[in-house]
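Peer 1: Here it is, the structure, as structure tokens.
The values are calculated or read from the model by the stated rules, or taken from the named source; none is laboratory data. Model, not experiment: these values are computed from the prediction. For neighbour counting, all protein chains shown are included, and Cβ atoms are generated from backbone atoms with ideal geometry for every residue, glycine included. Please note that ligands, DNA and RNA were not included when accessible areas were found on the heavy atoms of the full protein model with its side chains. Shrake-Rupley method; radii C 1.70, N 1.55, O 1.52, S 1.80 Å.
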Amino acid sequence: MTAARRVGLMSLDDWRALGEDSVGRSELQEGVLIVSPSPLPRHQKAGFGLGMQVFPQLPDEFELVPDVDVVIEEKFPPTVRRPDLVVRQVSSASRITADQVLLVVEILSPGTRRQDLVTKRSEYADAGIPHYWIVDLDSGPSVEALRLEDGAYVGDVVTGVLETTVPFDLRVDIDALA
């Protein structure tokens with residue numbers, strides 16, 4: 001017996017058959033293709049700057065991957081997100097699944113703010129991703145550094161300098177992201 005499918009929803013195979021995205025920024029939310037324009041330069045510079053700060057502090061067993069597809073839910077209807085930064089254990093796997101992710105970072109944009117603050121927060125928590133950082137360039141800037149506890153994210157909004165020991169020792173100059 002096969003599962004019933006709603007007309008128009010994409011499978012993970014349909015998603016993968018699209019190939020690399022060269023037009024905009026696409027994600028798959030419960031089988032629905034969502035395409036949005038590429039982020040503005042301010043957003044991209046902040047992501048690059050954060051990556052440049054985090055990369056040299058990574059323990060040897062971890063790697064930083066920017067702007068990459070992460071399969072959040074494989075079963076139909078699937079969900080694939082494209083976070084601004086991902087930290088995972090060093091791997092030769094060509095595809096990234098949520099169970100490989102230690103930290104996911106989203107930088108808020110006007111058009112995706114609600115997605116990042118509500119929908120993705122819920123999806124990432126349900127997928128068991130241990131750490132989620134939300135960077136808000138319009139509030140200081142700030143980083144909401146969240147950790148998964150009992151199936152929900154908890155944490156604090158940090159401005160100035162973020163110093164943490166979880167998921168590993170890190171020091172980030174948040175002001176340098178603006």
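Peer 1: Answer with yes or no whether D138 is modelled with pLDDT of 95 or more, open to solvent by 20 Å² or more (accessible area, probe 1.4 Å) and either within 20 Å of Q44 (Cα to Cα) or in a strand (DSSP E or B) (or both).
Peer 2: Judged against the criteria, D138 is not a match.
Peer 1: Quick one: in the range 55-110, which of the residues that are in contact with a strand residue (DSSP E or B) (Cβ under 9 Å, 6 or more places away or on another chain) and polar (S, T, N, Q) is farthest from T165 (Cα to Cα)?
Peer 2: Kept after step one, since they are in contact with a strand residue (DSSP E or B) (Cβ under 9 Å, 6 or more places away or on another chain), are these residues of the range 55-110: 55, 57-58, 61-74, 77-91, 95-98, 100-109.
Narrowing further to those that are polar (S, T, N, Q): 57, 79, 89, 91, 97, 100, 109.
Working: Q57: 11, T79: 30, Q89: 17, S91: 23, T97: 24, Q100: 20, S109: 28 Å.
Out of the qualifying residues, it is T79.
Peer 1: Where residues in the range 69-81 are part of a loop (DSSP other than H, G, I, E, B) and closer than 20 Å to A125 by Cβ, which of them is most open to solvent (accessible area, probe 1.4 Å)?
Peer 2: Taking the range 69-81 as the starting set, the residues that turn out to be part of a loop (DSSP other than H, G, I, E, B) are 69, 74-78.
Those still in the list that are closer than 20 Å to A125 by Cβ too: 69, 74-75, 77-78.
Numbers: D69: 60, E74: 111, K75: 137, P77: 46, P78: 1 Å².
Filtering the range 69-81 for residues that are part of a loop (DSSP other than H, G, I, E, B) and closer than 20 Å to A125 by Cβ, the one most open to solvent (accessible area, probe 1.4 Å) comes out as K75.
Peer 1: Still on this structure, please answer the following. For I129, work out the one condition from (1) of a type in the set (A, V, I, L, M); (2) outside any loop (DSSP other than H, G, I, E, B); (3) under 17 Å from the mean Cα position of the chain (by Cα) it doesn't fulfil.
Peer 2: All conditions are met except number (2).
Peer 1: Still on this structure, I have one more. Within the range 20-59, track down each residue that is open to solvent by 50 Å² or more (accessible area, probe 1.4 Å), in a loop (DSSP other than H, G, I, E, B) and either at pLDDT 95 or above or within 16 Å of P83 (Cα to Cα) (or both).
Peer 2: Listed by number, the residues that qualify are E20, D21, P37, S38, L40.
Peer 1: With respect to E106, is the statement that it is acidic (D, E), open to solvent by less than 50 Å² (accessible area, probe 1.4 Å) and free of Cβ contacts under 8 Å to residues at least 60 places away in the same chain true? Quick ask: steps written out before the conclusion?
Peer 2: Values: acidic (D, E): yes; open to solvent by less than 50 Å² (accessible area, probe 1.4 Å): yes; free of Cβ contacts under 8 Å to residues at least 60 places away in the same chain: yes.
Yes: the conditions hold for E106.
Peer 1: Within the range 115-125, can you find the residues that are under 14 Å from Q29 (Cα atoms) and either open to solvent by 10 Å² or more (accessible area, probe 1.4 Å) or modelled with pLDDT of 95 or more (or both)?
Peer 2: Those that are under 14 Å from Q29 (Cα atoms) and either open to solvent by 10 Å² or more (accessible area, probe 1.4 Å) or modelled with pLDDT of 95 or more (or both): Q115, V118, T119, K120, R121, S122, E123, Y124.
Peer 1: Scan the range 89-109 and give yes if some residue there is in a loop (DSSP other than H, G, I, E, B) and farther than 19 Å from P66 by Cα, otherwise no.
Peer 2: Checked the range 89-109: no residue is in a loop (DSSP other than H, G, I, E, B) and farther than 19 Å from P66 by Cα.
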